[in-house]
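Working notes, beginning with the structure itself.
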Amino acid sequence: MFEGYPKPSTLPHEEYSIVRKGFLRLTVKHGVPVIPVYVFGATKMFKRLQLPVLERLSIFFRVSLVVFFGAWGLPIPFRQRLLYVMGQPIMPGPSLGANNDSTVAIAGVEQQVDDMHARFCDELLRLFDRHKEAYGWGHKSLKLLAR
């Protein structure tokens, strides 16, 4: 939430997205596919106040503390054209269910999660690059921050 322009170390022609692994652990655990989706324009629906103290507190407390606003200074989104694009489903690998050694099973699950994370990030980048011209963002690039 705090990454991206106008943060001092960022550029206006870069879009940022953080891709975490927790939801992928759930897909591996339950054996369900995940479908990558990117929404062009979602970052322009609200503005936020640049308050470095809130960013530091958010990191310390591990919760997002942000002052945001939209149209007329209210929590009403600005009028913004959105483009939703969906990628190919990403299936988790085969389950490691009947393994007696839990350490090996945990390592195997983490390997599956890492593999799915890499495939998810690749598909998200492919989606962005394929559709950015249609949205008018041909000059932009997507930076994924894996956490």
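The values are calculated or read from the model by the stated rules, or taken from the named source; none is laboratory data. Quantities reported herein were computed from a predicted structural model and do not represent experimental measurements. Please note: Cβ atoms are built from the backbone with ideal geometry, for glycine as well, and neighbour counts cover all protein chains shown. Just the protein is used for accessible areas: all its heavy atoms, side chains included, with ligands, DNA and RNA removed. Shrake-Rupley method; radii C 1.70, N 1.55, O 1.52, S 1.80 Å.
A few remarks follow.
- Filtered residue count, the range 115-147, keeping only those that are in contact with a helix residue (DSSP H, G or I) (Cβ under 8 Å, 6 or more places away or on another chain), open to solvent by less than 60 Å² (accessible area, probe 1.4 Å), of a type in the set (A, V, I, L, M) and under 16 Å from residue 16 (Cα atoms): 2
- Residue list for the range 19-68, restricted to those being under 27 Å from residue 114 (Cβ atoms), touching a Gly at 6+ places or on another chain (Cβ under 9 Å), in a loop (DSSP other than H, G, I, E, B) and of a type in the set (A, V, I, L, M): 35
- Subset of the range 64-86 (residues that are without any contact (Cβ under 8 Å) to a residue 24 or more places away in the chain and open to solvent by less than 70 Å² (accessible area, probe 1.4 Å)): 65, 67, 69, 71, 73
- The single condition from (1) within 19 Å of residue 146 (Cα to Cα); (2) of a type in the set (Lys, Arg); (3) loosely packed, with under 15 Cβ neighbours inside 10 Å that residue 44 fails is (1).
- Some residue of the range 5-12 being loosely packed, with under 12 Cβ neighbours inside 10 Å, in contact with a Phe, Trp or Tyr (Cβ under 8 Å, 6 or more places away or on another chain), at pLDDT 90 or above and not in a helix (DSSP H, G or I): no
- Some residue of the range 91-114 being at pLDDT 85 or above and touching a strand residue (DSSP E or B) at 6+ places or on another chain (Cβ under 7 Å): no
- Restricting the first member to the range 18-30 and to residues that are touching a residue at least 12 places away in the same chain (Cβ under 8 Å), and the second to residues that are of a type in the set (Lys, Arg) and loosely packed, with under 12 Cβ neighbours inside 10 Å, the beta-carbon pairs closer than 8 Å and six or more apart or on different chains are 18/147; 19/147; 20/147; 21/147.
- Here residue 81 passes the criteria (1) at pLDDT 90 or above; (2) assigned to a loop (DSSP other than H, G, I, E, B); (3) farther than 25 Å from residue 123 by Cα except the one numbered (3).
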